[in-house]
Amino acid sequence: MEIFKNSCSLDCFDVCKIDVYKEDGKVVKLQGNKEHNLTDGFLCSKGLKHLNRLYDENRILKPLLKVGEGFKEISFEEALDILKNRLSEIKNSNSTNSIIHYSESGAGGLLKGIHDIFFNFLGGISTASGGTCWSAGCAAHDYDFGGRKTSDLDDMKNAKVIILWSRNPAITSVHLYKKLIEMKKLGVKIITIDFRTNETSVISDLHINVKGGSDGALALALCKMAFEHNLVDYNFSKNNIVGFETFKEYLDTITLDELLLDCGITKDTITKLLDYISLGNIMTFIGYGLQRYVNGGNSVRAIDALMSITGNVGKSGTGVFYSSKIYPQVLDRDPYKSSNFAKNSREFPITKFSEFVAENEIKAIFISKANPLNQLPNLNKTLEAYKSIPLKVCFDMFLTDTVKNSDLIIPVTNTLESEDIIYSSMLMPSLMYNEKVVEPLDYRMEEFEFFKELAKILDLKNYPQVSKTEYLNKVLAPLNINVEDLKKQDLNIEKGYIAWEDKKFKTPSEKIEIYSETALADGFEPMPIFMKATKGSDEYPIRLVTPHCKDSLFNQHVGDIDGISSIYLSTKNIENFQEGEIVIVSSQNGSILSQVKIDSNLKKDEAYIFMQWSKKQGNPNFLTNSLSSDIGGQVAYYDTFINIRKSIV
Ligand code: SF4
């Protein structure tokens, strides 16, 4: 049996290292690498399913062309020919920005991102700004610290308290969860702050059950109490914070009672939390859920402020971590300077996708590494806009809801069929080489090869007609390593690293900017303020939250799951329903069918449906609003309100 080195290409915090076992030309087993510090020999079910996906009988293996209501298989030559004709026409009319390219992170890998390079060489197109995942929090950290950094996870043992704020690693980052269990045994206190009792909160020393959309109010309440209880690090603040006094003055204008009312928690509860904070050495991991509100960026900025004024930034055992965005800054991800050719580039806010399509003459859309007709909000409207585009081209492995509504489908490789380099930007900054384990059915299923051919027949003269190794070596060049080096050993350039230890923040002032002139100049609040959580109406009284589930990552592989969506309701909310009953869930945007489940710890005016369902299974994005967060253009999915009715009266 041969063993190949690989790593998980899913958009996950952990980026596991995988041993791939091959026998008689077939992959037979995946196993977590035992030597890799974080992976520690095990993979989650999502990662293990790379193997199922490789040999899935429903996989798309040939290009498909829409004919009537169905598809017919065509050859790669025919698919390339169709694209050559359509793209030449668009390029010759100098209107390449009538093409949208929508891409997410469904398949990690530097070579899987080649679409962007191709479209730059084509002349520049339209792409979405903001995001469905984490962009409000990213913007918040950029204003506050000038960037995003995470300390080496080994530093967790130097913390006294670890706060998981809207983060549920038992489901979304199982290897971090394992480390938390180890830390707990060492005496580190674990606190979860989340709108629901979740799989991590049950092992925590304290769970703060905050109302959806009021995380910022909770952080401001803690800031106020930190001043009152002498927990502010004045020395650190004086030397490292811009806007400290202004922020303090602002806090004096709001009362603790109004903040606590918004959070839905009592003074006793917040005092318990403050008691833990008074222990010092606080490490906070912020999740992406709390920034999926219209006040999401403000909430992250308020948490950053709390951690900063209490001196929990830039020293061992402390930190406020959102992501580790290191490799995009140090790799040359555009080694052939394609951006110089992208003269027609433009952006539109992702929350305005439908409006952008309606108001502009969009001739084609290309989808890569994404399933927007599952992931975007307000899907009835999004679907209508999508269908109106004359040419819809989708790169995918399976018949997703987006594929079903597209005109031309290009099959792509599974991660085990592609050589690539994987990096994480979220938890641990590893750079890993992925070996090709088995050959794909056609070499053009590798996007790198497909776009090389398309560029050749379109006569894009400057397009890099080079080998993958040559390309990757140029990407790696700033690190003074090459593909051969990475084949021998993974790279982690932040081993032993303490985030912001040098106190040289990347803001204009080189300090933490609780008051940010940059934010003000961008038209936003310069510092975190009290932004109340939104409320439902008489018609739609219940807030709908759509968190991650354990079986799927942000709807990338919805085929992994069977069944119908479940809506979790409070016991106070189900007097008219039975557990297991199918109900109609409606918002102002549409309705779905869903099965009732009970979460006895939930608040009366909150409900949740995990993100994992296709259209026919009751995808909650047919209900969600296409609102934008305050900063960063994040889709504010969780500011959606619903009602529930019986499906059979
Ligand atoms: S999804 Fe995450 S935890 Fe699961 S195998 Fe992949 S990287 Fe590891």
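The values are calculated or read from the model by the stated rules, or taken from the named source; none is laboratory data. For clarity, every value in this text was computed on a predicted model and none was experimentally measured. Here the Cβ is made from the backbone with ideal geometry for all residues, glycine too, and neighbour counts use every protein chain on show. We work out accessible area using only protein heavy atoms, side chains counted, and drop any ligands, DNA or RNA first. Shrake-Rupley method; radii C 1.70, N 1.55, O 1.52, S 1.80 Å.
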Residue pairs, from the table K34/K615; K149/K604; K179/K325; K5/K616; K325/K488; K22/K468, whose Cα atoms sit over 28 Å apart: K34/K615; K149/K604; K5/K616
Cα-projected label distance for S129 with M1, points at 7 Å along beta-carbon direction, nm: 5.2 nm
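Given K532/K646; K248/K352; K29/K62, which pairs have Cα atoms separated by over 28 Å? Walk me through the numbers on the way to the answer.
Values: K532/K646 32 Å; K248/K352 37 Å; K29/K62 26 Å.
Distance filter (> 28 Å) returns K532/K646; K248/K352.
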Under 5 Å, built H, 5+ apart or other chain: amide partners of Y608: V545, Y568
Computed label-point distance, nm, for sites D205 and N92 using a 7 Å Cα→Cβ extension: 7.1 nm
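With contacts defined as alpha carbon pairs under 8 Å and 6 or more residues apart, what's the relative contact order of the chain in percent? Spell out each step's value before the answer.
Numbers: 1444 pairs, mean separation 137.6, N = 649.
Contact order relative to length: 21 percent.
Kirkwood Rh, the chain, all Cα pairs: how many Å?
Working: mean 1/r = 0.0389 Å⁻¹.
Answer for the chain: a Kirkwood hydrodynamic radius of 25.7 Å.
Using +1 on the beta carbon of Lys and Arg, -1 on that of Asp and Glu, and nothing else charged, what's the dipole of the stretch 542-646 about the Cα centre, debye to 20? Write down the numbers at each step before the final one.
On the way: 10 positive and 11 negative charges, 42 e Å.
Dipole magnitude for the stretch 542-646 comes out near 200 debye.
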Net length gained if the chain between E228 and S45 were fully extended (0.36 nm per residue, minus Cα distance): 61.2 nm
Whole-Hz ³J(HN,Hα) from phi, Karplus 6.51 cos²θ - 1.76 cosθ + 1.60, for the stretch 97-107, glycine and proline x: 7, 7, 9, 9, 10, 10, 9, 10, 10, x, 9
Three-way shape label, the stretch 2-54, alpha-carbon gyration tensor, a/c 1.5: oblate
³J(HN,Hα), Karplus 6.51/-1.76/1.60, whole Hz, each residue of the stretch 589-598, x for Gly, Pro: 9, x, 9, 9, 9, 8, 9, 6, 10, 9
Amide H contacts under 5 Å for I208, placed H, 5+ residues apart: T192, I193, D194
Nearest-10 value in Å² for the accessible area of T351, using the 1.4 Å probe: 10 Å²
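State the Kirkwood hydrodynamic radius of the stretch 542-646 in Å, one decimal place, computed from all pairs of distinct Cα atoms. Walk me through the intermediate numbers first.
On the way: mean 1/r = 0.0717 Å⁻¹.
The Cα-based Kirkwood calculation yields 13.9 Å.
Carbon-plus-sulfur fraction of the accessible area of the stretch 466-550, 1.4 Å probe, in percent? Present the calculation step by step, with values, prior to reporting the outcome.
Values: 2300 of 4660 Å².
For the stretch 466-550, the apolar C and S fraction of the accessible surface comes to 49 percent.
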Accessible-area value, E517, 1.4 Å probe, nucleic acids and ligands omitted, Å²: 120 Å²
Distance in nm between pseudo-label sites at S388 and Q595 (7 Å out along the Cβ direction from Cα): 3.7 nm
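For a protection proxy built on the mean count of beta-carbon atoms within 10 angstrom, sort 639-645, 457-463 highest first, please. Please list the in-between numbers first.
Numbers: 639-645: 21.0, 457-463: 15.6.
With the highest mean Cβ count within 10 Å placed first, the list reads 639-645, 457-463.
Give the peptides 352-360, 630-638 in descending order of average Cβ contacts within 10 Å, highest first.
Details: 352-360: 16.7, 630-638: 26.2.
Highest mean packing first, the order is 630-638, 352-360.
Working out 0.36 nm times the residue gap between E245 and L279, then minus their Cα-Cα distance, what length gain in nm do you get to one decimal? Mind showing how you got there, number by number?
On the way: separation 34, 0.36 × 34 = 12.24 nm, distance 2.42 nm.
So the extension gain works out to 9.8 nm.
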Sequence-distant residues sharing a close amide H with F321 (under 5 Å, placed H): T284, F285, I286
Carbon and sulfur %, accessible surface of the stretch 2-54 computed with the full protein complex present, 1.4 Å: 49 percent
Highest to lowest packing among 617-627, 309-319, 153-163, 213-223, scored as the average C-beta count within 10 Å: 213-223, 617-627, 309-319, 153-163
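Please work out the average accessible area per residue across the stretch 542-646, using the 1.4 Å probe convention, and give it in Å². Show your work: numbers first, answer last.
Details: 3660 Å² over 105 residues.
Value for the stretch 542-646: 35 Å² per residue.
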Extension gain, Q578 back to R59 (0.36 nm per residue minus Cα-Cα distance, nm): 183.0 nm
Whole-Hz ³J(HN,Hα) from phi, Karplus 6.51 cos²θ - 1.76 cosθ + 1.60, for the stretch 465-477, glycine and proline x: 8, 10, 6, 4, 5, 4, 4, 5, 4, 5, 5, 7, 3
